[in-house]
């Protein structure tokens, strides 16, 4: 299973989408929740308003009823109208009753007409007063005539019920009628439903477009009132207990929520913030992310096509500039290192070649052979024997030598062989002295190093007119808590020239210096450097007598597997 | 390209932040008053047609128009004309009053003055009411609501002449072939009503009978007969004119021409609103038939049955006063001043908002009518009450009015007879007890007489006997004395 990877673009886009989705959902949910909450609150408030209004109307109805009873049972003027034949007395009684009726409609706006009907045989009297609510005289007279007709009928059929509110409908209006009677006198009141509707709508004057509906309720209604939240309106309803009417008011939602417009401001704020976040993201995208992306792209293409070429990213962003510079420097360094390693390898090869070359110096053998020849001419058989033996051992050592470290004893043997050969070559002119502690014989040392130094002294320091000597001294020496052996080679020759000292003591040696002069020493120095690095030290100088002096300190290194 | 995009992004952000800041700033400061809150004047007037009433809209429009002119907001309060007495009773005993208010019955200014609710206006008129003074050039008219030495209400500038007239529905007259051209006197109407009744029962011939062809000298207790041309104070209830009126009412009542008062809508505009009434007998005024035609949305005609004349009481019909404790009487007076000089204010109050409640039929001649789709039935401001407000001569001519209506009215105003007591202010205090008793008696009997109840002769005899007992002679003597003194004073001035 491969673990899926994402690019920064994908992550950013994903985050943005997620953020927007969460915000939009959150705001939407909040706003819907808030709206619903407010709607319910507003609806409950509206229902309260309706309840107050309906109970007010009910109270008015009850007052009207009481007023009517009062007029029927304790008003002398009614009796006067019933029993008197005096025109003036009757007129004045009528005026008095009319003013009562007038008072009622003026004091109570939930009624439009109040009336008294006295069906006198000679001339029935119908007294009524109507409020100025837009009822035209024709309608007014028609309703009253209807009532008179029904009341006249009632003597036989009793079609109108008493003491309760009833609805009467005609062509274009519905009336709520209440009446009662006592002793042949009827009185009552009526109001058009449209008037009640208007009154109810006025109670909701804070909300434009409130629509009121009234309908007659069943005898035993399930509920007296409440509210309902509909699609885009709120419906509140309350039953008038007195009239048995269910008053329903439908209020448009936006009217109810008129006063809670702040919520949109809040939503606008949040939306603005989201917009800002999105824009900020876009800007950071173009300011931050895109340069990085370009950087990565150029790094990628660079590593694929031109590993060593410096990358070029134009950006005002400091981090990008620094990173580009750093990467370019690192690339340059890596390239240089690669070259160095390559060169070092080349050098090693060359040192090895030189080493081989040194080991196979032909002229030394030729010299030795010519000496053996000279010895044979003078029949010095013993010397020849010794010379050939030494030469044989010498050659065997050289040919058998590898790059592995060898015990000091072996090297010293070889050096002694060489010195014997030289003593045989130059009788009485050369002496080799050796002062090495026997405990150091197991000390591991790269082969043909001491030999090279001794040979150098012989080759370059031998004077033909005096007794020459070379001294080798080795002793144990601790340097910086590291055990090691200090070798000192001193000769009686002319010593190193100033140029040679400078060259050999220089910290770096290159086989590619091109000069054959001192090539043996340089090769030794190179090999020691390869094997010991900086841990070994070799110092070239001239001693007091003018001879050369080489001091070489090698660390004790059992673990190092010499390769040279 | 990239840089541009970044710059535009940054600019957008800055703008957004600025916008957000401004939004917050605005919503934070929204509730605070702008700079200096202007005071609000409450102006009381009345409505006559409550259907779809747009009073609030008109009030807002008026405020928008007036506020920069007078430096105050105005808020109109409309009361129902029919119930106005309730409102004024309330005002008489309470301190909850509008700053400036219309009084559209002759008795209201005195009632308000006696209740201490009116502010003396002389200084205010001199200072802020220049246009009122310039409009009401007649000093008698200007001082018509003078109590003590101060003016307490300014009368509206409207038709001033009255008389006896019969107003009828032209359509009905034509339909039933009623000849209205031959009518010369009120008695001639009987034949017309008989002709109508002979053909149909669907119409009630007369809705109301009520007229004044004498100078009532404020209370009808001692009057000047003959259109106020006689200088002798007489008892109205002993005159032939009054007896004639009573007899006619009785006759019509007997014949069933009158609306039964038993079961009726008692309202000022019941005649225009109820198409079953054929006519009414009432006091004349020059613009009556036009306003009523507009109100009823059918043609009304008016036959004048007497000469036109004007008397003091008639001038008091409509006036404006300022509440005694008004906090900004100067601003209230500035508003009244506008009503007498600014057609914009007058037309808003009379006809509502242009384009909503009316639009021009002929802009040059100032003729207006309903906008398309608006009718008398659905208009929110079909009031047509130019005479409720300061100077009705500044208002437009409603479609159907004669184009020179206001010129006609002014001509009638100027040529009408004047009662010789024109401008006479009667002071009833020396005989107040008699006035109270006589009023009670007169009210009781006139109610019967003018509703056709009982026997005219008997009732008139009883009435006059009781009036004498209540002291009407003393009242008439006092009136005569005051009038003579006033007439002498006038003569001296001349």
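Numbers below:
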| item | result |
| --- | --- |
| Counting DSSP beta bridges with both ends in the protein assembly as shown, the antiparallel % (nearest 5) | 75 percent |
| Efficiency of FRET between residue B:150 and residue B:53 - r from beta-carbon atoms, R0 45 angstrom, step 0.05 | 0.80 |
| Distance (nanometres) between label positions extended 7 Å along Cα→Cβ at residue A:268 and residue A:205 | 3.0 nm |
| Test item: B:444-456 mean partner chain Cβ contacts at 10 Å | 2 |
| Label-reachable residues, segment A:521-548, where backbone N falls under 16 Å from a point 7 Å from residue A:466's Cα toward its Cβ | A:542-548 |
| Nearest-0.05 FRET efficiency for residue A:374 and residue A:482, computed from C-beta distance (R0 51 Å) | 0.55 |
| 19 Å cut-off, amide nitrogen to a point 7 angstrom out along residue B:297 Cα→Cβ, residues in segment A:162-181 | A:172-173 |
| Sorted by Cβ density within 10 Å, fewest first, the residues A:177, A:148 | A:148, A:177 |
| Principal-axis tilt of helix A:362-377 within chain A, Cα atoms, nearest 10 degrees | 20 degrees |
| Proxy reagent accessibility, fewest Cβ within 10 Å first, across A:329, B:418 | A:329, B:418 |
| Over chain B, equivalent-ellipsoid semi-axes from the Cα gyration tensor in Å | 49, 30, 20 |
| 19 Å cut-off, amide nitrogen to a point 7 angstrom out along residue B:410 Cα→Cβ, residues in segment B:273-311 | B:286-288 |
| Spherically averaged projected area of segment A:438-541 from its Cα convex hull (nm²) | 7.6 nm² |
| Contact order relative to length of chain A, as percent, for alpha carbon pairs under 8 angstrom and 6 or more apart | 9 percent |
| Whole-number percent relative contact order across chain B, with pairs defined as alpha carbons under 8 Å at least 6 apart | 22 percent |
| Part-to-part distance (alpha-carbon centres) for segment A:50-71 and segment B:209-259, which is given in Å | 44 Å |
| Listed peptides B:237-245, B:205-213, A:407-415 by packing density, highest first (mean Cβ within 10 Å) | B:205-213, A:407-415, B:237-245 |
| Fully extended contour minus Cα-Cα distance, from residue A:145 to residue A:215, at 0.36 nm per residue | 22.7 nm |
| Value of Rg to Rh for segment B:339-446 (Rh from inverse mean 1/r over Cα pairs, i.e. Kirkwood) | 1.20 |
| Partner chain coverage, peptide A:282-291 - average Cβ within 10 angstrom | 2 |
| Acute angle (nearest 10 degrees) that the helix B:472-493 long axis makes with the longest principal axis of chain B, alpha-carbon atoms | 60 degrees |
| Segments A:109-122, B:335-348 sorted - mean Cβ within 10 Å per residue, highest first | B:335-348, A:109-122 |
| Euclidean distance between Cα centres, segment B:281-357 to segment B:380-450, Å | 11 Å |
| Theoretical ellipticity at 222 nm over the protein assembly as shown - DSSP helices of four or more residues, -39500 (n - 2.57) apiece, nearest 500 | -16000 deg cm²/dmol |
| Residues B:154, A:167, B:93, B:441 arranged by fewest to most Cβ contacts within 10 Å | B:93, A:167, B:441, B:154 |
| Computed over segment A:456-501: relative contact order in percent, which uses C-alpha pairs under 8 Å that are six or more apart | 40 percent |
| Two-site FRET efficiency, residue A:404 against residue A:13, from Cβ-Cβ distance with R₀ of 56 Å, rounded to 0.05 | 0.30 |
| For segment A:173-251 and segment A:391-440, distance of Cα centres in Å | 137 Å |
| Average beta-carbon neighbours from other chains, 10 Å sphere, peptide A:135-141 | 6 |
| C-alpha long axis of helix B:2-29 to longest principal axis of chain B, angle in ° | 30 degrees |
| Rounded to 5, the percent of DSSP beta bridges in chain A classed as antiparallel | 90 percent |
| Residue B:126-residue B:304 pseudo-label distance in nm [points 7 Å out on the Cα-to-Cβ vector] | 3.9 nm |
| When the convex hull of its Cα atoms is projected in every direction, mean area for the protein assembly as shown (nm²) | 82.4 nm² |
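Every read-out reported here was derived from the displayed coordinates using simple, explicitly stated rules and does not represent laboratory data. Since the structure is predicted, the reported quantities are computational estimates derived from the model, not experimental observations. Methodologically, a virtual Cβ is constructed for each residue, glycine included, from the backbone with ideal geometry; neighbour enumeration extends over all protein chains shown.
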